[in-house]
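**Student:** Questions regarding the structure given below will be posed in turn.
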Amino acid sequence: MRTILLFLLICLSAPAFAEDVITVTGDRSGETLNETALPVTVFDATELVETGAQHPAELINQAPGAFLHRGNGAEHLTAIRSPVLTGGAGAGSFLYLEDGIALRAAGFSNVNGLFEALSGLAGGVEVVRGPGPALYGSNALHGLIHFRTPDPGSAPDYLELEAGFFGRVRSSAMGVIRGQQADTLIGLAGQHEDGWRADAGLDRLEGLIRADGRAGEIDWRFTLAAISLNQETASFIRGANAFEDLAVARSNPDPEAFRDAYAVRGSLRLEGALDAPWRWTLTPYARANAMDFRMHFVPSEALEESGHASIGVQSALVRETAAGRITLGADIERTQGYLIETQERPTIFSFVQGDHYDYEVTATVAALYAQTRQTLSDRLTLQAGARLETTRFEYDNFLPANTVGRFLRLPDRSDDFTVLTPHIGLVWQVDENAVLFGRLARGSRAPQTAELYRLQAGQIIDEIEPEVLDSAELGYRRQFAGGGRIELVGFVMRKTNVFFRDADGINVTNGATRHHGIEFDLAWPLTDRLDVQLTGTWAEHEYDFTRNVGNASEVITEGNRIDTAPEWLWNARLRWQATDTLSGALEWVHVGDYFTNAANTRNYGGHDLLNLRARWAVTHQVEFFGTIRNVTDERYAERADFAFGSDRYFPGEERAVSVGVRVVR
């Protein structure tokens, strides 16, 4: 601790310089990190290439406050300033964007929110901790992840190939056609693995077309993206510390489990000028996706078929002057989705063989918002905004409206929800390269359609209100000569109207949780060729209510820690530029211990992993690279849980080596 305090003292008193890292999440027009009150981590294209992530968790977990539990194949569960959330909370508490548009419609989110992200073709990624700005709607409670497509004006032509243990092959290619009217980028990426566990193969394809141009006085950007996923899924292994037995860890108790999914989306962003100083933007878009998967995590192992299709428009007027910027906007979206759940297995307990659900939901979401950034003095800037959003769900049930086993099918109905999410922040310019910033913000989400209409016996939905999270934070950000930086952020949050189904099968609609912690992001050059980066979080996530249930392991007591919420998380990277052409990085990933049940009677002890990466530029165009993941071959769990009376785990992968080549024109 003394060493850390000394390091921070040196950082705070060291000379600095300005480095213009641009973020577009808080303001679509773009702003530097030192201008924003949002706590945001920006990964640029170079960092994406150097990380060479085979799963988005490898990259996202380098951001403070973020903790993605990697499941099998492309699966994951997300935590940003939160415990790892599942079910409707896991699907609806985080917003996943591509160029400012949600990957899925609000109300139809997926707990594996990055299934449909262009993780192999992205030009940059931004991670916001805490409630999002007024530009974005429902689901941006605990945080958001924003994937940016590459800019055809600056993206290189390249080809990359990588191969490794467990039959892994990863490839991507991108080419740019530059013309007088438009620059067009075409990208393809693919990933295959046999799986390190039994019957756990993965095939994933991505495609991207983006064209940027100008027609008269209007700037335009067209984007078309498609993703295909075919996955054989290895499920939980059971038994206390079962992950320590390599044979058990490699096994797959549910070899028939699978996921097949696709997603297609397109948008056209138009921007032009009105009478000075006003500008306008208009972005019509459409998306469609579908997924079939075996529900391996419940006794029924039912087949779920789901999907939705949306059309929408984002619009805004922007007034920019020397004193600041004002944005006024309106968004509207129409979605039609469906869900079918069928159990082929014979009846087991209350999981009845046959049709469980078959329904459609039509959703309409409309929003008005305003956001401003105003200069109050030479050193003080105000950032504020508010969003008013209304959601209407129209539910159409195709099965008898009754209860079958544990499954409740409602008659046709409609439901409406309206939320107001304001935020206000201040940025104080301490000196040319350091700022203090503070922010008060509210995030909210309408319920997911599955929370409303995929019910079980005894559940009611008339008392459900949108979840609300109120957040306060204070931070310090500074940049230094030679490439150093420091960001420290303290936060306090409280969430109310938390909706879930307790261990007795009864709806809880008035749950509450509280969250507080400190996040840090440090970088420091040790020599001309050696630097260290350290990101991490100390946080406590606690229940703010009491709930007694028959299952003693799931009794909720006010003040208890929420399960799957490590107190400590950090990621340290020691980077060495050995020569002008040879570089390497040693990464240390630490996950602290955490409870695995609500009563805090079961726990997972945490783990520490080392990863090693190296790159060798043979020429300016050709570069070889290699990675050793889990260098010390630790036995650990990517996810630890306690359910259905036993400990269960997604085991962490054993040591794995991959090598590749990247050719840039």
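**Student:** With the requirement that a residue be over 30 Å from A249 (Cβ atoms) and in a loop (DSSP other than H, G, I, E, B), what does segment 60-104 give you?
**Tutor:** R81, D99, G100, L103, R104
**Student:** Related question: Does F166 fit the bill of being of a type in the set (F, W, Y), part of a loop (DSSP other than H, G, I, E, B) and on the phi > 0 side of the Ramachandran plot?
**Tutor:** The answer is yes for F166.
**Student:** With the structure loaded, tell me whether F94 is at pLDDT 90 or above, open to solvent by less than 10 Å² (accessible area, probe 1.4 Å) and closer than 30 Å to A366 by Cα or whether it fails that test. Spell out the reasoning first.
**Tutor:** Details: at pLDDT 90 or above: yes; open to solvent by less than 10 Å² (accessible area, probe 1.4 Å): yes; closer than 30 Å to A366 by Cα: yes.
Taking the combined requirement at face value, the residue satisfies it.
**Student:** For V419, all conditions in the list (1) among the aliphatic types (A, V, I, L, M); (2) over 24 Å from T372 (Cβ atoms); (3) surrounded by 18 or more Cβ atoms within 10 Å (Cβ to Cβ) hold save one; what is the number of the exception?
**Tutor:** (2)
**Student:** Can you tell me which residue is most open to solvent (accessible area, probe 1.4 Å) among those in segment 310-325 that are touching a Ser or Thr at 6+ places or on another chain (Cβ under 6 Å) and at pLDDT below 95?
**Tutor:** So in segment 310-325, the residues touching a Ser or Thr at 6+ places or on another chain (Cβ under 6 Å) come out as 310, 314, 316, 318, 323-324.
From the residues that got through so far, the ones that are at pLDDT below 95 too are 323-324.
Details: A323: 48, G324: 12 Å².
Top of the filtered list is A323.
**Student:** I'm trying to understand the selection: among the residues of segment 1-25, which are at pLDDT 65 or above and open to solvent by 10 Å² or more (accessible area, probe 1.4 Å)? Outline the logic, then answer.
**Tutor:** Here is the first cut: in segment 1-25, the ones at pLDDT 65 or above are 21-23, 25.
Within segment 1-25, V21, I22 meet the criteria.
**Student:** Now for a separate question. Can you pull out the residues in segment 105-147 that are under 13 Å from the mean Cα position of the chain (by Cα) and assigned to a strand (DSSP E or B)?
**Tutor:** V125, E126, V127, V128, R129, G143, L144, I145, H146, F147
**Student:** Could you grab the pairs with beta carbons closer than 6 Å, sequence gap of 6+ or different chains, first residue in segment 317-339 and within 13 Å of Q371 (Cβ to Cβ), second one of a type in the set (K, R) and open to solvent by 50 Å² or more (accessible area, probe 1.4 Å)?
**Tutor:** As it stands, the answer is V318/R279; I326/R319, since those pairs meet every condition given.
**Student:** Here's something else I'd like to know. Let me confirm something: among L586, L574, which residue is assigned to a strand (DSSP E or B), modelled with pLDDT of 95 or more, under 25 Å from the mean Cα position of the chain (by Cα) and not polar (S, T, N, Q)?
**Tutor:** L586
**Student:** May I ask you to verify whether R439 is within 30 Å of L382 (Cβ to Cβ) and open to solvent by 40 Å² or more (accessible area, probe 1.4 Å)?
**Tutor:** On the way: within 30 Å of L382 (Cβ to Cβ): yes; open to solvent by 40 Å² or more (accessible area, probe 1.4 Å): no.
Spelling it out, it is not the case that R439 is within 30 Å of L382 (Cβ to Cβ) and open to solvent by 40 Å² or more (accessible area, probe 1.4 Å).
**Student:** Which count do you get for residues in segment 231-253 that are open to solvent by less than 30 Å² (accessible area, probe 1.4 Å), under 14 Å from G73 (Cα atoms) and either in a helix (DSSP H, G or I) or in contact (Cβ under 8 Å) with a residue 60 or more places away in the chain (or both)?
**Tutor:** Number of matching residues: 5.
**Student:** Identify all residues within segment 330-353 that are open to solvent by less than 30 Å² (accessible area, probe 1.4 Å) and at pLDDT below 95; write none if there are none. Give the steps one after another, and end with the answer.
**Tutor:** Our first condition is that a residue be open to solvent by less than 30 Å² (accessible area, probe 1.4 Å); within segment 330-353, this holds for 331, 333, 335, 337, 339, 341, 343, 351.
Listed by number, the list holds a single entry, F351.
**Student:** Here is a check on your reading of the model: is W588 touching a strand residue (DSSP E or B) at 6+ places or on another chain (Cβ under 7 Å), aromatic (F, W, Y) and open to solvent by 70 Å² or more (accessible area, probe 1.4 Å)?
**Tutor:** For W588, the condition - touching a strand residue (DSSP E or B) at 6+ places or on another chain (Cβ under 7 Å), aromatic (F, W, Y) and open to solvent by 70 Å² or more (accessible area, probe 1.4 Å) - is met.
**Student:** Oh, and also: Quick one: how many residues across segment 377-409 are of a type in the set (A, V, I, L, M, F, W, C), surrounded by 18 or more Cβ atoms within 10 Å (Cβ to Cβ) and at pLDDT 95 or above?
**Tutor:** Residues flagged as of a type in the set (A, V, I, L, M, F, W, C), surrounded by 18 or more Cβ atoms within 10 Å (Cβ to Cβ) and at pLDDT 95 or above within segment 377-409 amount to 2.
**Student:** Can you go through G164, G137 and tell me which one is open to solvent by less than 30 Å² (accessible area, probe 1.4 Å) and either over 23 Å from M291 (Cβ atoms) or modelled with pLDDT of 95 or more (or both)?
**Tutor:** Answer to the check: G164.
**Student:** Look at T41 and say whether it is under 30 Å from R325 (Cβ atoms), outside any loop (DSSP other than H, G, I, E, B), polar (S, T, N, Q) and open to solvent by less than 20 Å² (accessible area, probe 1.4 Å). Can you show your working first?
**Tutor:** Working: under 30 Å from R325 (Cβ atoms): yes; outside any loop (DSSP other than H, G, I, E, B): yes; polar (S, T, N, Q): yes; open to solvent by less than 20 Å² (accessible area, probe 1.4 Å): yes.
Considered against the rule, which asks whether it is under 30 Å from R325 (Cβ atoms), outside any loop (DSSP other than H, G, I, E, B), polar (S, T, N, Q) and open to solvent by less than 20 Å² (accessible area, probe 1.4 Å), T41 comes out as yes.
**Student:** So, Q374, is that one assigned to a strand (DSSP E or B), under 30 Å from V435 (Cα atoms) and open to solvent by 40 Å² or more (accessible area, probe 1.4 Å) or not?
**Tutor:** Criteria met by Q374.
**Student:** Kindly provide the set of residues from segment 634-656 that are open to solvent by 50 Å² or more (accessible area, probe 1.4 Å) and either of a type in the set (V, I, T) or over 18 Å from D254 (Cα atoms) (or both), ordered by number.
**Tutor:** Residues of segment 634-656 that are open to solvent by 50 Å² or more (accessible area, probe 1.4 Å), as a first pass: 634-635, 644-645, 655.
Correct list: E634, R635, G645, R655.
**Student:** Then there's this: Looking for something surrounded by fewer than 15 Cβ atoms within 10 Å (Cβ to Cβ), closer than 30 Å to Y649 by Cβ and more than 22 Å from the chain's Cα centre (by Cα) - is there at least one such residue anywhere in segment 255-267?
**Tutor:** Yes, that holds for at least one residue.
**Student:** For segment 466-517, enumerate the residues that are over 30 Å from L530 (Cα atoms), open to solvent by 50 Å² or more (accessible area, probe 1.4 Å) and of a type in the set (G, A, S).
**Tutor:** A503, the sole residue that qualifies.
**Student:** Continuing with this model, one more query. So which residues in segment 540-557 are within 16 Å of V84 (Cα to Cα) and either surrounded by fewer than 19 Cβ atoms within 10 Å (Cβ to Cβ) or among the β-branched types (V, I, T) (or both), if there are any at all?
**Tutor:** Those that are within 16 Å of V84 (Cα to Cα) and either surrounded by fewer than 19 Cβ atoms within 10 Å (Cβ to Cβ) or among the β-branched types (V, I, T) (or both): E540, E542.
**Student:** Another one. Name every residue in segment 605-656 that is among the hydroxyl-bearing types (S, T, Y) and either under 30 Å from A173 (Cα atoms) or without any contact (Cβ under 8 Å) to a residue 40 or more places away in the chain (or both), in order of residue number.
**Tutor:** T619, T627, T632
**Student:** So, of the residues in segment 591-603 that are buried (at least 19 other Cβ atoms within 10 Å of the Cβ) and aliphatic (A, V, I, L, M), which turns out to be modelled with the highest pLDDT?
**Tutor:** Ranking the qualifying residues of segment 591-603, first place goes to V591.
The values are calculated or read from the model by the stated rules, or taken from the named source; none is laboratory data. The structure displayed is predicted, hence computed values, not measured ones. Cβ coordinates were reconstructed from backbone atoms using ideal geometry, including for glycine residues, and neighbour counts include every protein chain displayed. Ligands, DNA and RNA are stripped out before the accessible areas are found, and what is left, the full protein with its side chains, is counted by its heavy atoms. Shrake-Rupley method; radii C 1.70, N 1.55, O 1.52, S 1.80 Å.
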